[in-house]
1. In degrees between 0 and 90, to the nearest 10, how far off the longest principal axis of the chain does helix 91-101 point, with axes built from Cα atoms?
2. Given a 1.4 angstrom probe, I'd like the percentage of the accessible area of region 92-222 that is carbon and sulfur, rounded to a whole number.
3. Could you give the Stokes-Einstein D for region 185-236 in µm² per second, using the C-alpha Kirkwood radius, 37 °C, 0.692 mPa s?
4. Return the equivalent ellipsoid semi-axes of region 94-234 as a descending list in whole Å, where each equals the square root of 5 times an eigenvalue of the C-alpha gyration tensor.
5. Dimensions of region 108-159 along principal axes (Cα, Å, largest first)?
6. At a probe size of 1.4 Å, how large is the accessible area of Lys82, to the nearest 10 Å²?
7. Size of the chain along its principal axes in angstrom, Cα-based, largest extent first?
8. Sticking with the crude label model, points 7 Å out along Cα→Cβ, report the distance from Glu176 to Ala26 in nm, one decimal please.
Amino acid sequence: MSTDRVVLVTGGNRGIGRAIAERFVADGYKVAVTARSGEGPAGTLTVRADVTDAASVDAAFTQVEHELGPIAVVVANAGITKDTLLLRMTEDDFDSVVATNLGGAFRVVKRASKGMLRARWGRVILISSVVGLYGSAGQINYSSSKSGLVGFARSLTRELGARGITANVVAPGFIETDMTAELPAETQAEYRKNIPAGRFATPDEVAGVVTWLASDDAAYVSGAVIPVDGGLGMGH
């Protein structure tokens with residue numbers, strides 16, 4: 001593994017994104033994270049970025065390139081939820097989630113691809129969710145945005161696959177983060193009952209899969225959806 005590679009993780013200040021950034025630091029990469037607020041983990045460069053704004057994304061990339069060098073690995077992790085049933089879901093509930101989760105990945109990867117094409121090497125890793133393919137009541141906006149990442153990665157693979165660039169999707173199941181901690185206890189118990197592994201994952205278990213996809217060992221893996229969900233959705 002070449003430790004001079006630069007990684008950018010969006011939404012790297014908490015939860016899964018933070019764990020991913022920490023693992024890349026531990027593995028010797030130069031790591032930058034985007035955050036709307038807060039700071040990334042020790043050893044990372046934190047830059048402010050709003051993934052719904054192309055100019056903001058461009059400015060963040062320019063700063064990282066100036067301070068660390070060209071970005072070789074991009075992890076599109078920034079995401080939001082606005083859960084509610086379809087008949088109660090507003091236009092904004094739908095549009096804002098899709099603009100952040102799917103549109104954000106588009107803006108970040110489009111900007112990252114320029115440097116990857118010049119280098120003829122790159123890793124695009126999109127953080128989806130088990131509900132992207134499994135479905136979840138009350139999450140039509142979220143699951144639509146997350147399943148959209150699969151088509152994105154597969155189309156990108158067909159466009160850039162001959163240039164030494166891979167694009168893959170990691171689909172975490174229920175992970176011990178602030179987001180799942182907010183679920184009611186009975187909901188959490190119900191979910192656990194449906195997970196063959198019988199437990200939620202740690203963020204680090206997702207991070208290990210992401211860093212593997214970024215490595216030379218995964219050079220021939222592209223357009224894949226890798227579930228990290230204890231057998232809940234099994235990738236569908």
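1. 40
2. C and S fraction of accessible area: 53 percent.
3. In µm²/s, the coefficient is 261.
4. Over the Cα atoms of region 94-234, the ellipsoid semi-axes are 28, 17, 12 Å.
5. 43, 18, 12
6. Near enough 70 Å² of accessible area.
7. 48, 36, 36
8. 1.4
The values are calculated or read from the model by the stated rules, or taken from the named source; none is laboratory data. These numbers were taken from a predicted model, which means no experiment stands behind them. When we count neighbours, we look across all protein chains shown, and the Cβ atoms used for this are built from the backbone with ideal geometry, even at glycine. We work out accessible area using only protein heavy atoms, side chains counted, and drop any ligands, DNA or RNA first. Shrake-Rupley method; radii C 1.70, N 1.55, O 1.52, S 1.80 Å.
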